[in-house]
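Worksheet: the structure to be examined is printed underneath.
The values are calculated or read from the model by the stated rules, or taken from the named source; none is laboratory data. Note that the structure is a prediction, hence the values are computed from the model and not measured. Here the Cβ is made from the backbone with ideal geometry for all residues, glycine too, and neighbour counts use every protein chain on show. The accessibility values were calculated without ligands, DNA or RNA, using every heavy atom of the protein model including side chains. Shrake-Rupley method; radii C 1.70, N 1.55, O 1.52, S 1.80 Å.
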Amino acid sequence: MPATPRAASVLDEIIAGVREDLAAREQALPLDALRDLVADTAPALDPMPVLRGPGVQVIAEVKRASPSKGHLADIPDPTVLAARYAEGGAAAISVLTEQRRFKGSLEDLRAVRAAVPTPLLRKDFLVTSYQLWEARAAGADLVLLIVAGLDPHELAELHAEAVSLGLTPLVEVHDEDEVGVALDAGARLVGVNARDLRTLEVHRDAFARVAPRIPDGVVRVAESGVRDAADVADLADQGADVVLVGEALVRTGDPAVAVRDFLAAGAGAPARPPL
Ligand SMILES: O=C(O)c1ccccc1NCC(=O)[C@H](O)[C@H](O)COP(=O)(O)O
């Protein structure tokens, strides 16, 4: 009997849209021209020394909307929010550049780059080398690579190319099995996303379950569903080096104060030793 085809997950649908938009951009700006832009771009910053701690560090996200929550916040000028994050002490700023579901853009990333000196993460669904070059040309220092969105060979290739461009890849996993794939690709910065990108369910126990599989010298990031300082303190106890926070920060009255509160809640965490 023929196997029943698997239903497309939310992640599959997002990536299909990303590939369509990407094709249009590649048409408008061929890779050679993009490489020329990168040649004129300042080298990427290395966020790893700060992300190792001591204390839980914060990656603060510029996030207008999401597939799970819809509209989150009006962010007419992302540089204003980014400046508040930097003032609060964020170790890095994540800028969503996916347009269809998150209402972000590469223009947001370029604008934030021009406004703050903090390391920047291009938060998107990266599936091709072209997007790494785009990230670098727009001033990103880090890129997200999602294990569930790539086959292991593609992941390893993109990881190696990102590193050769000076980018620091944040390799995202959701379960224990994906940790092995991330490490095989060379990951030194692993994010455990509490949100299952296939269903959008948030599993609050994900970090506690998955983090023990991540070796000691690898920096561990807890992603998604962090609501408040108490969550940061719990994640610190579970071995998180970094929290990546979107919704709670874009919805708060004062993002600088919120980042400071999160840093204070995780201040006791020890530094992660080098690998
Ligand atoms: O946020 C979503 O709904 C989402 C859905 C599908 C793919 C990715 C998604 N989010 C990307 C992220 O990783 C989060 O923006 C990030 O971890 C911050 O999460 P939160 O603090 O819960 O806003």
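Give me a count of the residues in the stretch 193-210 that are touching a strand residue (DSSP E or B) at 6+ places or on another chain (Cβ under 6 Å) and within 23 Å of residue 154 (Cβ to Cβ). Walk me through how you get there before you give the answer.
Of all residues in the stretch 193-210, those touching a strand residue (DSSP E or B) at 6+ places or on another chain (Cβ under 6 Å) come to 193-195, 202, 206-207, 210.
Filter once more, so that each one left must be within 23 Å of residue 154 (Cβ to Cβ): 193, 195, 210.
Within the stretch 193-210, residues that are touching a strand residue (DSSP E or B) at 6+ places or on another chain (Cβ under 6 Å) and within 23 Å of residue 154 (Cβ to Cβ) number 3.
Could you pull out every one of the helices (runs of 4 or more DSSP H) wholly within the stretch 10-96 that has 3 or more residues that are over 16 Å from residue 107 (Cα atoms) and within 15 Å of the ligand (Cβ to nearest atom)? Walk me through how you get there before you give the answer.
Working: elements: 10-28, 31-39, 48-51, 78-88.
Counting at least 3 such residues, we get 10-28.
Take the residues in the stretch 99-137 that are crowded, with 21+ Cβ neighbours inside 10 Å and among the charged types (D, E, K, R), then tell me which one is nearest to the chain's Cα centre (by Cα).
Filtering first and then ranking leaves 123.
Tell me the residue from 181, 202, 192 that is more than 12 Å from the ligand (Cβ to nearest atom) and either of a type outside the set (Lys, Arg) or crowded, with 21+ Cβ neighbours inside 10 Å (or both), please. Write out each step before concluding.
Values: 202 fails: more than 12 Å from the ligand (Cβ to nearest atom); 192 fails: more than 12 Å from the ligand (Cβ to nearest atom).
None of the others qualify; the one that does is 181.
Which members of the stretch 226-247 meet the condition of being open to solvent by less than 30 Å² (accessible area, probe 1.4 Å) and in a helix (DSSP H, G or I)?
Filtering the stretch 226-247 for residues open to solvent by less than 30 Å² (accessible area, probe 1.4 Å) gives 226, 231-232, 235-236, 239-246.
Result: 231, 232, 235, 236.
Restricting to the stretch 97-108, count the residues that are within 20 Å of residue 245 (Cα to Cα) and within 15 Å of the ligand (Cβ to nearest atom).
Summing the residues that are within 20 Å of residue 245 (Cα to Cα) and within 15 Å of the ligand (Cβ to nearest atom) in the stretch 97-108 gives 8.
Based on this model, can you work out whether residue 168 counts as of a type in the set (S, T, N, Q) and away from the ligand (no atom under 16 Å from the Cβ)? Walk me through it before giving the result.
Details: of a type in the set (S, T, N, Q): yes; away from the ligand (no atom under 16 Å from the Cβ): yes.
In short, yes.
Do we have any residue at all in the stretch 137-154 that's out of contact with any Phe, Trp or Tyr (no Cβ under 9 Å at 6 or more places or on another chain), at pLDDT below 95 and within 16 Å of the ligand (Cβ to nearest atom)?
Of the residues in the stretch 137-154, the ones out of contact with any Phe, Trp or Tyr (no Cβ under 9 Å at 6 or more places or on another chain) are 137-143, 145, 147-148, 150-154.
Filter once more, so that each one left must be at pLDDT below 95: none.
Within the stretch 137-154, none of the residues are out of contact with any Phe, Trp or Tyr (no Cβ under 9 Å at 6 or more places or on another chain), at pLDDT below 95 and within 16 Å of the ligand (Cβ to nearest atom).
Taking residue 216 and the conditions (1) assigned to a loop (DSSP other than H, G, I, E, B); (2) within 16 Å of the ligand (Cβ to nearest atom), which numbered condition does it fall short on, given that it satisfies the others?
Failing condition for residue 216: (2).
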